[in-house]
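Quick notes on the structure that follows.
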Amino acid sequence: MKNDSPTPQTTLETASVLMPADIEKELKTARDQGRAVDFSYKILPFLSLAERKLETGLNLEGATILGSISLRGVMIDGDLNISRAIVKGSVFLDQATIMGSVSLEQTTVRGVINLVGSQIKDSLNFNQLINNGFISLAKARIGGDFNLTGGRIQESKQGNLTIEGNLYLRQAVINGNLNLQRSAIEGSVDLMQLLALGTVNLEEAFIAKYLIIREAVLEDGIILKGARYQQLVK
């Protein structure tokens, strides 16, 4: 007879997952204490704070999120730290306003990353990020640098559907530098109508398909030393 009883390890892992009530309790406690909401190194089933306002930062460093992070339209009065985390779903930050910096440094995201129309006051750090699907910052506004040094954007297969590993920056504004050094992108990089006030650095980057810079305004130029791509579209 098959034994379906949970093992001690499974029971321990289930018990350690934060429940929605635990999440709401931490949100209230952090607000009352005037500190950042702290889920660092915790296990969450998912995180959904769409359209909410956080009066402090949000810390998910080292956390494991078993589903997706939905922060659509959120307003965070501080930093958003998702560094060294594992997200088994997608990250939705479209139309969000972050009054500090955003970091997904050394994070693994098994779904897409959507920052369409978001506004980031300071920098966006995706250094050594691993992503399955695509990253879109179309029409986003970044107050500082956007760093994807050593990052990997991989295509994703879901049944018969293939999601290309593209990086979209169409019509985005970056007030600092755009750094894609040594990144590996399995799809295309779309910089059409991008406004970048700093340097765009693609040194030693690998782009499997197209590098699109049509109508882009690159104030300090573009560095392509050692970059590999199938075609440059001007």
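Take M75 and K53, extend 7 Å from each Cα along the Cα→Cβ direction, and tell me the distance between the two endpoints in nm.
Between M75 and K53, the simple spin-label model gives 0.4 nm.
Given a cut-off of 31 Å, what percent of all Cα-Cα pairs of the stretch 8-233 lie beyond it? Show your work: numbers first, answer last.
Values: 5404 of 25425 pairs.
So the pairs more than 31 Å apart make up 21 percent of the total in the stretch 8-233.
So if I restrict to the alpha-carbon atoms in the stretch 43-107, what is the Rg, and what is Dmax, the biggest pairwise distance, in Å?
10.7, 27
Roughly speaking, what is the stretch gain from A21 to F46, that is 0.36 nm per residue apart minus the C-alpha to C-alpha distance, in nm to one decimal?
Working: separation 25, 0.36 × 25 = 9.00 nm, distance 1.25 nm.
Separation in residues times 0.36 nm, less the Cα-Cα distance, equals 7.7 nm.
I want the antiparallel fraction of DSSP beta bridges within the chain, as a percent rounded to 5. Before the final figure, lay out each step's value.
On the way: 3 of 68 bridges.
Of those bridges, close to 5 percent are antiparallel.
With n ≥ 4 as the cut-off for DSSP H runs, can you work out [θ] at 222 nm for the chain, using -39500 (n - 2.57) per run divided by the number of residues, rounded to the nearest 500?
Numbers: 2 runs with 23 residues, N = 234.
That comes out to -3000 deg cm²/dmol.
Compute the signed sum of charges (Lys and Arg +1, Asp and Glu -1) over the other residues within less than 11 Å, Cβ to Cβ, of R84.
Values: positive: none; negative: E61, E105.
For residues surrounding R84, the net value is -2.
Give me Y229, Y41 ranked fewest to most by other Cβ atoms within 10 Å of their Cβ, as a rough exposure proxy.
Numbers: Y229 19, Y41 13.
Ordered by Cβ neighbours within 10 Å, fewest first: Y41, Y229.
Find the lysine pairs in the stretch 8-233 meeting two conditions, Cα atoms under 17 Å apart and a separation of 8 or more places or different chains, and report how many there are.
Numbers: K25/K42; K25/K53; K28/K53; K42/K88; K53/K121; K88/K157; K121/K139.
For the stretch 8-233, the number of qualifying lysine pairs is 7.
Mind checking the full-extension length gain between M192 and Q230? Use 0.36 nm per residue of separation minus the Cα-Cα distance, one decimal, nm. Mind dumping the intermediate values first?
Working: separation 38, 0.36 × 38 = 13.68 nm, distance 1.67 nm.
Stretched out fully, the M192 to Q230 stretch lengthens by 12.0 nm.
Please report Rg (one decimal) and Dmax (integer) in Å for the Cα set of the stretch 105-234.
When restricted to the Cα atoms of the stretch 105-234, Rg and Dmax are 13.3, 43 Å.
What order do you get for 193-199, 23-29, 152-158 when each peptide is scored by the mean count of other beta carbon atoms within 10 Å, highest first?
Details: 193-199: 18.7, 23-29: 13.7, 152-158: 16.7.
Descending packing order for the listed peptides: 193-199, 152-158, 23-29.
Read the figures in this text as sums done on the coordinates, not as results from a lab. What you see is a predicted model, and the numbers here were worked out from it, not measured in a lab. All Cβ positions, even for glycine, are placed from backbone atoms using ideal geometry, and neighbour counts span all protein chains on display.
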